[in-house]
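Read-outs: derived from the displayed coordinates by stated rules, not from any lab. Quick caveat, the model's predicted, so the values are computed rather than measured. Please note: Cβ atoms are built from the backbone with ideal geometry, for glycine as well, and neighbour counts cover all protein chains shown.
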Amino acid sequence: FVYKPKSILDLGEIPNVEIWNMFAAKISAGDDFSGRTLKLTANISTDNLKLANGVFNGKLDGNGKTISRSAATRPLFQTLGEKAEVSDLSLSGEFTDLDQPYKYGNAALAQINLGTVRNVSTNCSANLKLSGVPSLLGGIVAQNGGVIENCTNDGNVSLEIAVGDQNGKDVACANFGGGLAAYGHTIVGPDENTGLYFANAECKAGKFIGCVNNGSINIRATSGTKALGVSTYGGICGIVELDGVVFENCRNTGAISRISDGEGTSSGSTCVGGILGRCAGTFVNDWKDNGAQICINGGKSYSITVTRCENSGALLSNCR
């Protein structure tokens, strides 16, 4: 018998960058930590941390600690699974670029949430210029198919976006964002023929309970012969295109604006909202002519619940 002492990670403690990156690497290798609890035992400050590129189904107790990333903030987790719980954690930093902005989305905590996120606060700012890059940006998660409860965002977002020049043509692109989440549910991903997101019967609707956004969202569309394309931003959540999403006791104080500044014209739509940017189909046609998925049924309404929510943030849509 050879005694093998347990590592700090085996004991459930995450005290520094090295142990966090070991933790993330295990998730990326297929360990979902189901049934185990990890606790942050010290504040972590670094330029970046490894993405846990897999599914986490354990519990992460933030223990009132802060994870600060000074340079390239990106999600800590790709997917928080249905058994996952993340609590009592603060996140700060800055989005200096967007990592895989279209495929999954950007956020400070997770690209996709199917579990429970409770008492998490973020203060991650974004001041970026984008060109021809579709994007999802949420303060805490990009897609919420679980529960986000008693969470707060204080990070300010300022995006200057230009229509992209691809192969000599101006190409419009979709951009969605929210103080807590870009999408209020999970999505399948972009259709390969249209480049548009869509949801199906397997997608999960999320809940936002007691959440607050104090961060401002300022989107300015600049040069291009076309309009930017479909864009929608909300204080708590950007867009909903699936039944069953819930907003309860949520509040927004952040100013939200979407402004055209040299932007071209098209039929692309834009929405802003204090709690939710948009709850409606984005396109009427079903794209059958090019064999694409029926991304969104423009003739269908979506059933959501909004209870005891309030907005005091200034809203401005000055487009085209």
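Enumerate the residues in the range 106-122 having an amide nitrogen under 19 Å from the point lying 7 Å beyond the Cα of residue 88 toward its Cβ.
Backbone N within reach: 116-122.
Quick one: of 26/129; 39/129; 129/204; 50/207, which pairs are farther than 30 Å apart, Cα to Cα?
26/129; 39/129; 129/204
Within the range 12-117, which GluC sites (Glu not before Pro) sit in a loop by DSSP and count at most 16 neighbouring Cβ atoms inside 10 Å?
Sites meeting the loop and neighbour criteria: 82.
Please give the peptides 202-212, 37-47 ranked by average Cβ packing (other Cβ atoms within 10 Å per residue), highest first, as a rough proxy for protection. Please report the intermediate quantities before stating the final value.
Numbers: 202-212: 19.9, 37-47: 16.0.
Order by mean packing, descending: 202-212, 37-47.
How far apart, in nm, are the 7 Å Cα→Cβ label points at residue 280 and residue 248?
Roughly 2.8 nm, to one decimal.
If you take the beta carbon distance between residue 312 and residue 48 as r and set R0 to 41 Å, what does 1/(1 + (r/R0)^6) give as a FRET efficiency, to the nearest 0.05?
After rounding to 0.05, the efficiency reads 0.70.
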